[in-house]
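These notes concern the structure reproduced below.
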Amino acid sequence: MDAVSASMSFFEAPNCLSFSSFRTCSRGSSIPLRFRALQLQPLSVCAADPSSELCVVLSGGGSGGHIFPALAIADELRAVRPSARIVFLGTATGMESDVVPSAGYEFVPVPKFQLLHSIAVSAATLSRLHPKVVVGTGAYVSAPVCFAAVLFGIKLVIQEQNCYPGITNRVLAPYAEKIFLAFNACMKYFPRNKCLVCGNPRRLSGSTSAGASKAEPRLHFFPEAKNMDENGQIVLVLGGSTGANALNLAFLEMYYDMLVERKNRYIIWQTGAEWFNDVKQIAKDHPRLLLTPFLDAMELAYATADLVVSRAGAMTCTEILTAGKPSILIPSPTATDDHQTKNAYAMADLAGSLVLVEDELDSVNLHNAINNVLGMCNFLWNVLVCYLKFFIWNEFWKIGVISCRPNLMH
């Protein structure tokens with residue numbers, strides 16, 4: 001047994017338990033879902049060579065949907081192997097170049113264009129790092145890194161966040177040791193013997209689960225509203241990490257009328273960085289409106305929200321599921337392979353989310369949709385019950401540990 005295998009025997013090999021469950025979809029039918037819970041029990045520390053260092057490389061970027069799953073995996077790795085060296089490879093101009101160092105992880109840039117050159121640079125970097133495993137979370141930036149890993153004979157693991165996989169993960173699948181999926185529907189696109197359906201890795205704390213108290217989170221965002229009515233309603237609008245033009249525009253045209261009509265309604269509006277300055281100049285100030293380009297305290301935002309209005313990115317969908325919140329999803333029609341539309345309708349089946357396609361999106365339809373969802377008490381209760389049944393997803397993402405289990409290391 002090599003040093004890495006010995007050191008990783010600190011953790012019992014994951015016991016993958018298969019669960020069957022039925023979810024009532026928005027059209028009234030029952031949809032069977034099968035997924036696995038990954039349970040790890042710590043054992044006594046074995047006599048591993050203290051001089052050996054586990055190095056894991058992660059790659060994925062361009063948007064939060066690829067970066068934050070990688071960070072969640074890194075967090076779990078750090079928790080179970082504090083001595084491990086965790087290195088992110090991404091582009092110098094991408095969002096990951098700021099987010100990853102801010103999260104406390106080592107970041108090494110690779111060229112964005114010219115695939116062969118990027119593979120060569122990635123290969124040189126991997127030869128210096130000597131990682132035991134490379135984890136790819138999708139997007140074009142991960143392709144050269146993962147191909148370089150394959151050329152060097154380094155174990156490759158990929159994680160797919162969406163219902164329909166991106167082209168990078170589809171191309172890499174034949175070379176991957178394991179493929180971690182968020183949705184059962186995605187399994188048909190990959191070799192089944194490599195797949196584990198674990199949900200999406202997430203960094204949110206357990207405070208976002210259904211039933212969490214709203215009082216403290218509400219004061220965090222609206223400190224002046226100490227006497228907020230118990231029937232107060234908070235709408236969380238997520239314009240995306242870089243902005244969602246159609247969603248922001250439609251909401252800009254109706255938010256003020258909604259606040260005037262509904263005295264008990266509050267709005268937390270994450271515009272995205274690209275839209276923030278424009279919205280700030282146009283929007284009328286209101287004590288029940290909070291504008292922000294980006295939300296750092298996402299767990300508090302989900303905890304306080306009564307409704308989430310958002311695009312249908314994979315990580316946002318996972319966060320909504322975990323938080324147990326009703327949602328209106330407006331999938332981006334420009335997303336690669338139209339994966340957001342597939343995500344949105346999967347959410348409609350899993351949790352009764354209301355899907356509003358962009359062709360139907362305007363200020364009137366969005367206003368009516370928000371009023372209808374917040375006014376349907378029975379609907380909200382059914383959604384809550386569905387989320388509570390879905391609660392087990394919270395523990396389904398021990399991808400970091402499984403990626404480094406002994407049988408992947410030799």
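The values are calculated or read from the model by the stated rules, or taken from the named source; none is laboratory data. Computed from a prediction, not measured in an experiment: that's the story for all the values here. Backbone-built Cβ (ideal geometry, glycine too); neighbour counts: all protein chains shown.
A few notes on this one:
- Some residue of the stretch 297-309 being without any contact (Cβ under 8 Å) to a residue 40 or more places away in the chain and either within 15 Å of the chain's Cα centre (by Cα) or assigned to a helix (DSSP H, G or I) (or both): no
Quick grid of which residues meet (1) within 30 Å of GLN159 (Cα to Cα); (2) not assigned by TED's automatic domain parsing to the domain that holds GLY60; (3) not in a strand (DSSP E or B):
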position	(1), (2), (3)
PRO217	no, yes, yes
ASN231	no, yes, yes
VAL237	yes, yes, no
ILE268	no, yes, no
HIS286	no, yes, yes
THR316	yes, yes, yes
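- Scan of the stretch 327-351 for residues that are surrounded by fewer than 23 Cβ atoms within 10 Å (Cβ to Cβ) and of a type outside the set (A, V, I, L, M, F, W, C), ordered by number: SER332, PRO333, THR334, THR336, ASP337, ASP338, THR341, LYS342, TYR345, ASP349
- Pairing each residue of the stretch 73-91 that is under 27 Å from LYS112 (Cβ atoms) with any residue that is of a type in the set (Lys, Arg), provided the two are 6+ apart or on different chains, yields C-beta distances under 6 Å for THR91/LYS112.
Condition check ((1) farther than 16 Å from HIS286 by Cβ; (2) modelled with pLDDT of 65 or more; (3) in contact with a Leu (Cβ under 9 Å, 6 or more places away or on another chain)) across all residues:
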site: LEU204; (1), (2), (3): yes, no, no
site: SER207; (1), (2), (3): yes, no, yes
site: PRO217; (1), (2), (3): yes, yes, yes
site: PHE221; (1), (2), (3): no, yes, yes
site: GLU224; (1), (2), (3): no, yes, no
site: MET228; (1), (2), (3): no, yes, yes
site: ILE234; (1), (2), (3): no, yes, yes
site: VAL237; (1), (2), (3): no, yes, yes
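- Check on TYR256, farther than 22 Å from PRO331 by Cβ, touching a Phe, Trp or Tyr at 6+ places or on another chain (Cβ under 7 Å) and either outside the structural domain of GLU96 (by TED's automatic domain parsing) or not in a strand (DSSP E or B) (or both): no
- Residue in the stretch 189-202 that is of a type in the set (A, V, I, L, M), modelled with pLDDT under 95, closer than 22 Å to ALA323 by Cα and not in a strand (DSSP E or B) present: no
- Looking at the stretch 326-410, the helices (runs of 4 or more DSSP H) lying wholly inside it that each contain 1 or more residues that are modelled with pLDDT of 85 or more, more than 21 Å from the chain's Cα centre (by Cα) and small (Gly, Ala, Ser) sit at 363-374.
- Considering only residues in the stretch 101-130 that are buried (at least 16 other Cβ atoms within 10 Å of the Cβ) and among the aromatic types (Phe, Trp, Tyr), the one that is farthest from GLY60 (Cα to Cα) turns out to be TYR105.
- Any chance ASP98 is surrounded by fewer than 17 Cβ atoms within 10 Å (Cβ to Cβ) and part of a helix (DSSP H, G or I): yes
- Meets criteria (closer than 23 Å to MET95 by Cα, of a type in the set (A, V, I, L, M, F, W, C) and modelled with pLDDT of 95 or more) for ALA148: yes
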